[in-house]
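See below for the structure under consideration.
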Amino acid sequence: MSLTDILSPSDIAAALRDCQAPDSFSPKKFFQISGMSKKSSSQLKEIFRILDNDQSGFIEEDELKYFLQRFECGARVLTASETKTFLAAADHDGDGKIGAEGIYFYVELRSSRYVVSDA
């Protein structure tokens, strides 16, 4: 299975266009534009599985910087600042990595159904 089996290719392209410039990546906005914020927990877990490059069950900081490239090979790498901010926001247990539950929790809290600040 690929990300385009779950997310619309045009939504992915729009989300990637929105954060082309370094330090412009907002996880909340990316999840909304790509359609991730509208997906079920089972779909989010499948997306997580695809994003977990080494299939360890976690997305570590080294993998997270390549987050955008998992959606499109030619996409840019997240800056160190973007990576650290994203990790801090989605690492709900403070272990320095994001588990499937962490990404689901983050997407749910940052979806348009809630009013929270950007991280």
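The values are calculated or read from the model by the stated rules, or taken from the named source; none is laboratory data. These figures come from a predicted structure and were not determined experimentally. For neighbour counting, all protein chains shown are included, and Cβ atoms are generated from backbone atoms with ideal geometry for every residue, glycine included.
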Whichever residue in the stretch 1-41 is of a type in the set (Lys, Arg) and assigned to a helix (DSSP H, G or I) and, among such residues, is farthest from residue 80 (Cα to Cα): 38
Checked pairs for the stretch 80-103, first at negative phi and polar (S, T, N, Q), second buried (at least 18 other Cβ atoms within 10 Å of the Cβ) and in a helix (DSSP H, G or I), C-beta under 8 Å and 6 or more apart or across chains, list as 83/64
State yes or no: is residue 86 assigned to a loop (DSSP other than H, G, I, E, B), surrounded by 18 or more Cβ atoms within 10 Å (Cβ to Cβ) and not basic (Lys, Arg)? no
In the stretch 42-53, what count of residues is obtained for those that are in contact with a strand residue (DSSP E or B) (Cβ under 7 Å, 6 or more places away or on another chain) and not in a loop (DSSP other than H, G, I, E, B)? 1
How many residues does the stretch 31-42 hold that are surrounded by fewer than 16 Cβ atoms within 10 Å (Cβ to Cβ) and either free of Cβ contacts under 8 Å to residues at least 60 places away in the same chain or in contact with a Leu (Cβ under 9 Å, 6 or more places away or on another chain) (or both)? 2
Just give me the residues in the stretch 17-30 being buried (at least 16 other Cβ atoms within 10 Å of the Cβ) and closer than 17 Å to residue 66 by Cβ, in sequence order. 19, 25, 27, 30
Unique residue being closer than 21 Å to residue 1 by Cα and modelled with pLDDT of 90 or more when the list is 72, 101: 72
Quick count over the stretch 5-42, residues being polar (S, T, N, Q), out of contact with any helix residue (DSSP H, G or I) (no Cβ under 7 Å at 6 or more places or on another chain) and modelled with pLDDT of 95 or more, is 4
Within the stretch 54-67, of all residues that are closer than 24 Å to residue 6 by Cβ and touching a helix residue (DSSP H, G or I) at 6+ places or on another chain (Cβ under 8 Å), the one surrounded by the fewest Cβ atoms within 10 Å (Cβ to Cβ) is 55
Of all residues in the stretch 68-79 being in contact (Cβ under 8 Å) with a residue 24 or more places away in the chain and part of a loop (DSSP other than H, G, I, E, B), which is surrounded by the most Cβ atoms within 10 Å (Cβ to Cβ)? 78
Kindly indicate the residue of the stretch 43-53 that is among the aliphatic types (A, V, I, L, M) and at pLDDT 90 or above and also surrounded by the most Cβ atoms within 10 Å (Cβ to Cβ) among those meeting that condition. 47
Would it be correct to say that residue 56 is of a type in the set (Ser, Thr, Tyr), part of a loop (DSSP other than H, G, I, E, B) and either at pLDDT 90 or above or over 18 Å from residue 87 (Cβ atoms) (or both)? yes
